[in-house]
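The structure appears right after this line, and notes come after that.
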Amino acid sequence: TRVAKMARHPDGRNRLANGLATALSAHAHGVQVVTPLVDHLVETGDGPVSLWPRITHVGLDSPGLSTICAQGIGDVLALLSQLDPGPQSAWDPFARVPHRLATSTAPRELRERAGAVVTAVTAATPALDPAEFVFAHGDISTGNVLGTPDHRVWLIDLDSAGPRPRGWDLACLDVDLQLEAGNNEAMAAVQNGWRSQSALPVSPCDLALVKATMATTFALTLGPTPNRCQAIDARLSAILIWAQDGAAPARLATFC
């Protein structure tokens, strides 16, 4: 009847606490989020955990995401973006890349190529002004949304929530739905849902470029199977062209 969420990140305790606080605050402001069973971390022999209700839900895998649920995701994310973002954040999307490249067991050539692509993307991306950041889920994907049989959606996994560039959550879903799953119809529905609650950002394309680069470098920390390395290499090639000419690819290779 309940789910215990464990810390998997080096800063796991703080992230778990942030997820608890964000869920409680968002719920108090009418945002559809799954709320914790208790408002504090529970200490166990394996470290701190947060406790959540187990909910029977419809899986929202990207290819099969319905337009009704997709519009609901856009709607709830727009409401989330209207919360107070708190103190300005010096958020750096590529801060952890050097560590990822240094500890990855992927081939050296692939790691060096990834570093060069990050440099190119950084140079091609306009500077982000923290004063204009809004509140965001931070790590939204269809895997972090629960759907109910009546087509309602509920956000989960808010550990990364906080100040982000306006439209960051849309950029994350753009990569997830369009560039990886090819579900353009669902992404259009997400944007319609967002538009019904809040103004759309001017240029989510630059943010999608950043998100795609983050996701690709993160994949270097996973097991370097030949298929995964091939997908990473293909994505790096597409991202580099994207950074140079400003046009997003129709699809990105998915990780195996």
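Note on surface exposure: M6, M187, M214 rank M6, M214, M187 by accessible area, highest first, 1.4 Å probe. On full extension, the segment bounded by E112 and Q88 gains 5.4 nm, given 0.36 nm per residue less the C-alpha separation. Shown in residue order for the range 159-165 are the 3J(HN,Hα) couplings computed by the Karplus curve 6.51 cos²θ - 1.76 cosθ + 1.60 at θ = phi - 60°: 4, 8, 5, x, x, 9, x Hz (x for Gly and Pro). Here the scattering of the range 141-229 is modelled by Debye summation over its C-alpha atoms, one equal scatterer each and no solvent; at q = 0.11, 0.15, 0.25 Å⁻¹ the log10 of I(q)/I(0) is -0.36, -0.67, -1.49. Under a model in which nothing but the beta-carbon of Lys, Arg (+1) and Asp, Glu (-1) is charged, the range 142-256 shows a dipole of about 80 debye around its Cα centre. Taking amide H as placed 1.01 Å from N in the peptide plane, the amide H of N183 sits under 5 Å from that of Q178, each at least 5 places away or on another chain.
Surface composition of the chain: carbon and sulfur atoms hold 54% of the protein heavy-atom accessible area at a 1.4 Å probe. Along the chain, the exposed loop sites are trypsin sites (Lys or Arg not before Pro) outside DSSP states H, G, I, E and B with at most 10 other Cβ atoms within 10 Å, and the longest stretch free of them is 55-256.
Note on the chain: with charges restricted to the Cβ of Lys and Arg (+1) and Asp and Glu (-1), its dipole about the Cα centre is near 460 debye. Across the protein chains, with a 1.4 Å probe defining accessible surface, the residues V117, V3 rank V3, V117 from largest area downward. Ordered from longest to shortest, the equivalent ellipsoid semi-axes for the chain are 28, 22, 19 Å, each the square root of 5 times a Cα gyration tensor eigenvalue.
Close amide H pairs (under 5 Å, H built 1.01 Å from N) link V33 with L155, residues at least 5 positions away or on another chain. Debye calculation, C-alpha points only, no solvent: report log10 I(q)/I(0) for the range 1-92 at q = 0.11 Å⁻¹, in the same order as the q values. Taking Cα atoms of the range 1-92 as identical point scatterers yields -0.42.
Distance between the pseudo-spin-label points of T148 and T105 (7 Å out from Cα toward the beta carbon): 4.4 nm. Taking θ as phi - 60° and the Karplus parameters 6.51, -1.76 and 1.60, the scalar couplings of the range 134-148 work out to 10, 6, 8, 4, x, 9, 6, 7, 5, x, 10, 9, 9, x, 9 Hz in sequence order, x denoting glycine and proline. A straight line joining the Cα centroids of the range 1-36 and the range 138-214 runs 19 Å. Surface exposure of the range 52-211, expressed per residue as accessible area with a 1.4 Å probe, stands at 45 Å².
Residues whose amide H comes within less than 5 Å of that of V3, counting only those at least five positions distant or on another chain, are W52, R54 (H built at 1.01 Å from N in the peptide plane). Relative to the longest principal axis of the chain, what angle (0 to 90°, nearest 10) does the C-alpha long axis of helix 204-218 take? Here the helix axis deviates by roughly 80 degrees.
Helix 12-28 axis versus longest C-alpha principal axis of the chain: approximately 50°, rounded to the nearest ten.
Reported value for the range 40-152: 210 Å³ per residue, from the convex hull of its C-alpha atoms. Here the Karplus relation 6.51 cos²θ - 1.76 cosθ + 1.60, evaluated at θ = phi - 60°, turns the backbone of the range 42-55 into coupling constants of 10, 7, 10, x, 9, x, x, 9, 10, 10, 9, x, 7, 10 Hz, with x for every Gly and Pro.
The values are calculated or read from the model by the stated rules, or taken from the named source; none is laboratory data. Keep in mind that what you see is a predicted model, and the values were worked out from it rather than measured. Counting neighbours? That spans all protein chains shown, and the Cβs are built from the backbone with ideal geometry, glycine included. These area figures cover heavy atoms from the full protein model, side chains too; ligands, DNA and RNA do not enter into them. Shrake-Rupley method; radii C 1.70, N 1.55, O 1.52, S 1.80 Å.
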